[in-house]
1. Those residues that are assigned to a helix (DSSP H, G or I) and either surrounded by fewer than 19 Cβ atoms within 10 Å (Cβ to Cβ) or under 31 Å from the mean Cα position of the chain (by Cα) (or both), I need them from the stretch B:344-354; list them, please.
2. Exactly one of these conditions fails for B:Ser442: (1) touching a helix residue (DSSP H, G or I) at 6+ places or on another chain (Cβ under 6 Å); (2) within 14 Å of chain A (Cβ to nearest Cβ); (3) of a type outside the set (A, V, I, L, M); (4) in a loop (DSSP other than H, G, I, E, B). Give me its number.
3. Would you check which residues across the stretch A:77-96 are in a loop (DSSP other than H, G, I, E, B) and surrounded by fewer than 24 Cβ atoms within 10 Å (Cβ to Cβ) and list them?
4. Residue by residue through the stretch B:628-659, note down the ones that are away from chain A (no Cβ under 14 Å) and either on the phi > 0 side of the Ramachandran plot or more than 18 Å from the chain's Cα centre (by Cα) (or both).
5. For the stretch A:115-147, enumerate the residues that are among the hydrophobic types (A, V, I, L, M, F, W, C), away from every other protein chain (no Cβ under 14 Å) and surrounded by 23 or more Cβ atoms within 10 Å (Cβ to Cβ).
6. Report yes if some residue within the stretch B:708-719 is among the aliphatic types (A, V, I, L, M), under 30 Å from B:Glu450 (Cα atoms) and in contact with a helix residue (DSSP H, G or I) (Cβ under 9 Å, 6 or more places away or on another chain); otherwise report no.
7. Applying the selection to the stretch B:188-210, what residues are farther than 19 Å from B:Leu158 by Cβ, at pLDDT 65 or above and either in contact with a Phe, Trp or Tyr (Cβ under 7 Å, 6 or more places away or on another chain) or not small (Gly, Ala, Ser) (or both)?
Amino acid sequence: MSELIFAYDSGEEMTLNMGPQHPSTHGVIRFIVKTDGEIMSEAEPDVGYLHRSIENIAEKCTYEGFMPYTDRVDYVAAMTANHAWAAAVEKLADLAVPPRAEYLRMITDELGRISSHCIALGAMAMDIGAITPFPYALREREYCNDLFEELCGARLTFNYHRIGGVGWDMTDAWRDKALRFCDHFEPVVDEFDRLITHNEIFIKRLANLAVISGDEAKSYGLVGPNLRASGIDFDVRRDHPYSMYTKTKFEVPVGRGRMGTVGDSWDRFWVRVEEWRQSVRIVRQCLEQIQDTPKGEFWNKPKRLKPKGDALARIEAARGEMACYVVGDGGTNAYRARFRTGSFNAMGIIRLKSRGLMVADLVALIASLDIVAPEIDR
Amino acid sequence: MRGGWSLLILLAGCGGAAPPAPVRDVRPDALNVGDKLVVEGTPGAFAASAPTKVVLDGYWVRPAKRAHTELGRLELDGRAVTSELVLADIDDQAEAKLGGHLEFSGRVHVVQTVAGQARDLASSSKVLVRLDLLPRSLHRFAFELVKQHKESRLLDWLGLSLAPTPQGLMVRNLRTEFKWGAFMDKYDRPPLDNKITLAEARAGGLSDQDFRAIDRNHDQVITRHEAEAYEHAAGFAAQADLREGDLVVSVDGVPVRTADAFAAAWEKDTATVPIVVARGGQQIPAVLPRHGAPADLPDGFLLGGLLIAVGLLVLLPVGPMAGFIVVWERKVSGRMQSRIGPNRVGPQGWLQWLADGIKLIIKEDLVPAEADPILFKLSPFLAFIGLFLTFVVLPISQYLQVADLNIGLLYLLSVTSLVVVSIIMGGWASNSKWALLGGMRSAAQIISYELPASVALLTVATMTGSLSMQTIVRNQGGAPWHWNLFKSPMAFACFFIYFISALAEGNRTPFDLPEAESELVSGYNTEYSGFRFGIFPMVEWVNLFVISAVATTLFLGGWYLPHISPQQVEASGLLTQASLIVLVIGIGVFVATFLLGSIVGKPELLTMGIFLALPVMLIFGYALGAYQVTSLLMFVAKVTTLVFVIIWIRWTLPRFRVDQMMNLCWKYLIPLSFACFVATTAWVWATERQPLVQAGVAWIMFLVFGVGLLALFSAKVLRNLRKVRLLNVDKQVDFNLFY
């Protein structure tokens, strides 16, 4: 883009107000875009339209009672937010979780990651103008939701995890279904690759676009797929393992700049596609290993939950590391709770990366960072 | 062929001063039956009122079969009006000699017999005259109707009718005065009840026609008062002492055989028209008035009205057609996205467009307060007009065309530009930044892509030597190796250049930047609502048809049927038993699938039936010889295929970025199209007299690019299918996971 004339050279700029109601801001986010024709000089994100004081609510209700609220932290992949809260409180109360519950948490986390990436990748393709991949991805998400529904009765906000375990055990029939989904999903990923990932126009649009170098990614605190796409090989599941991730084998896909530069938008897309494959791999292993655990032992229900002290749990959510920090003062409520989410940090880098891009590229950049509005504002 | 002639003419224009030829010019370029061929000479070249013949000597080309170019002579009866003007009628007899649509280029001679000696005056060999004798068309039909109407008005005014008989034109139904005296002589008394019967009226000199005109109650009785009040004076013909049964010999010194020619004599501007009639073996001169004859203006209106009627015939199906394409697109996209698509309104959702349209009409029509109200309201109309004007020249079949303009292609390119104006206007007048961005993108995009599209189309014009759509179709053939697409590598490239550019001009994916919903909300039509908004998508969808129709006409042989010449199509007739059978079969297929679907419980069979009906009707039409209907269906079939390809592209590809789109146009398509254009002129120059080379190249192109590419494509599709779900059982995708 360097050969193009920048807006501030001409001295005439148009201020575009993109959002909070705009088809491709992925929720109620607003961007103040300064453009000269098609070329932006800057896009400034304006957040706060979806703030619900979730962290404050955590101080007002009991540890168990806060679980449904965590669904709303990231309603596209609610399982991981459940997990983060449960893990933090368990760490605070020094509770042991039965292995069956850990496996169930991992299965639901990974299925949640798959369904979240379905939205991310489908919406990204749609923002680039290809509409067909979106229903394809949504179809797969529906299968995941069917599984979730059978497990916990909800399709979007699950409230599945409990302090000390999970709410319901899986049945053998559910296990068969989950395995069938894995068998079904793997060729679908290949099909998705043929459909859009290696599409000529798609690559032209995304390769070398909004390149985030490894250093930039680190300094802006990017996490998860966004960080890995920039070439930083870091995954909480592997580097700070929780649950049973030490017992499963999986690879951490890292951006390699196959179509352009390491850390470009196409890499961010491709990393997520690869994560689909790895997630299926993890789900398969979990479904295999969970058979060794006794049935029915899925919830180590705490008799008395009045912990004191502080604890930090780190979970690899769909949008990267989700950390939950909770301080207890010996009461039934948390004294303070705090969520650290991936989208908020990703939001920060948009202003830097939007300089000199075109309006159409801004949409691609937002989509490639997989920003979800509730995660930013909470 | 034509390229060579034009070049010769050009060279002639640049040449040195040659002695002026006695025949200077021939007008007009295109002739219908009933027109006059006007031959202009140098002053004093012709002997006035000497027996004259006009001889056309040169190349005769049947546009349908380019191979049938031949040298020949044609003699027409002419008459020297002045010493520098000779007229020749192109009447039915001349047409019988010509036999349909012909193009002539060559020299024109005027042969006169003066004092027993034949004088042959010719046009210069350097000035070649081109004539195009038009085929029967809707336009010509309308023209003939107008002519008849004009004739009957004139004859009515003169108070006579003319009947062609073997002896000549016979005067009939002379309108005479109701002679009260003659009536009294006959009946010797006034009728007591004041009523005159038909028999009585005849005796009073009233013709049957006039009696019927007065007899408004149709009771065969009129009153005396009515008879006296009716056209009290006799017709001018009767006043000039013409009688029933007279034979018209000549009008204005020109022998006439038809009522047409008789009426034509009233086109000049003098007070009277001298005529000669034959009565009982002797020739009697008479003088008829000319001043006060019915003026021409209403005829123009009639012609306009007829053209509008024909236009409506072509345009009325456009609304439903847009609706059909909308529903079809939604169904195809549903299938491609593993959805069902619309299936609620009407049979299998095929009336969804109607519901959508009604919804849009009853929505509030909102004009933003800050918008420019006039431009805002004008914009949809311009889009509508710009698109629908293209239907004037689309040759949907040999006859179903509003007007076969000889500048058809240029016309097409120019009227589509109105859509750009509309989009820019809408984008600007909305006073919204999103709409403005959309309008700007659109302006840049459409204006840029118009260049490669135009040059690609002009390449075809170069190959054909004509801009007329019908001529372009007739210059091709029914079988694929006769299509322009396979005539040369350049034409093949031009097809794709045009198709890509047309997608860009029509704002279709992958060039749908002006209305990119994920970027610009809705682009230039963001602020529109209600029916004003509805017009934009409608125009877009009808545009699919127009793009496909133009591509079909120019590259894919149009309505041409394999191995059926246009003469056969012309001869087969429209309203024949065979056409009716074909129509019934088509409806039958439709009804059968509907019934079968309801019985078996698979109503979606109906959708298949709609697309099954077309090939079935084609096969039967071809077999039964209902070529006119079949050629129409052929055109529809080709267009439908292309429309499907466009829909297919839309639901497959992502969108270009604005700079990538511009790069594609300016860096690749425009240079390529100009290279094709230049190469095609050279190609036409080199191969115009080598039919064998032409045929050979066409066959090789057809085998390599047509069959070969199709085979490659099919192999790829099969491979992909195998990868996903066919044959490869161990990796079969299960789409009925849980149900």
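The values are calculated or read from the model by the stated rules, or taken from the named source; none is laboratory data. All figures in this text were calculated on a predicted structure; none of them were measured in a lab. With ideal geometry, Cβ positions are generated from the backbone for all residues, glycine too; neighbour counts draw on all protein chains shown.
1. Quick first cut of the stretch B:344-354, residues assigned to a helix (DSSP H, G or I) only: B:347-349, B:352-354.
Passing the criteria: B:Pro347, B:Trp353, B:Leu354.
2. (4)
3. Going residue by residue through the stretch A:77-96, those that are in a loop (DSSP other than H, G, I, E, B) are A:77, A:94-96.
Across the stretch A:77-96, the qualifying residues are A:Asp94, A:Leu95, A:Ala96.
4. Initial filter on the stretch B:628-659 (away from chain A (no Cβ under 14 Å)): B:628-646.
Result: B:Ala637, B:Lys638, B:Thr640, B:Thr641, B:Leu642, B:Val643, B:Phe644, B:Val645, B:Ile646.
5. Step one: of the stretch A:115-147, the residues among the hydrophobic types (A, V, I, L, M, F, W, C) are A:118-121, A:123-126, A:128, A:130-131, A:134, A:137-138, A:144, A:147.
If we keep only those that are away from every other protein chain (no Cβ under 14 Å) too, we end up with A:119-120.
A:Ala120 - this is the single residue of the stretch A:115-147 that is among the hydrophobic types (A, V, I, L, M, F, W, C), away from every other protein chain (no Cβ under 14 Å) and surrounded by 23 or more Cβ atoms within 10 Å (Cβ to Cβ).
6. The first filter runs over the stretch B:708-719 and keeps only residues among the aliphatic types (A, V, I, L, M), leaving B:709-712, B:715, B:717-718.
Next, only the ones that are under 30 Å from B:Glu450 (Cα atoms) stay: B:709-710.
Restricting the remaining residues to those that are in contact with a helix residue (DSSP H, G or I) (Cβ under 9 Å, 6 or more places away or on another chain) gives none.
Among the residues of the stretch B:708-719, not one is among the aliphatic types (A, V, I, L, M), under 30 Å from B:Glu450 (Cα atoms) and in contact with a helix residue (DSSP H, G or I) (Cβ under 9 Å, 6 or more places away or on another chain), which makes the answer no.
7. First pass over the stretch B:188-210, keeping only residues farther than 19 Å from B:Leu158 by Cβ: B:188-204.
Restricting the remaining residues to those that are at pLDDT 65 or above gives B:194-204.
Within the stretch B:188-210, B:Asn194, B:Lys195, B:Ile196, B:Thr197, B:Leu198, B:Glu200, B:Ala201, B:Arg202, B:Ala203, B:Gly204 qualify.
Per-residue answers, yes or no, for (1) modelled with pLDDT under 90; (2) in contact with a strand residue (DSSP E or B) (Cβ under 6 Å, 6 or more places away or on another chain); (3) closer than 30 Å to A:Tyr103 by Cβ:
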position	(1), (2), (3)
A:Phe158	yes, no, yes
A:Met170	yes, no, yes
A:Asp176	yes, no, yes
A:Asn199	yes, no, no
A:Arg205	yes, no, no
A:Ser219	no, no, no
A:Ile232	yes, no, yes
A:His240	yes, yes, yes
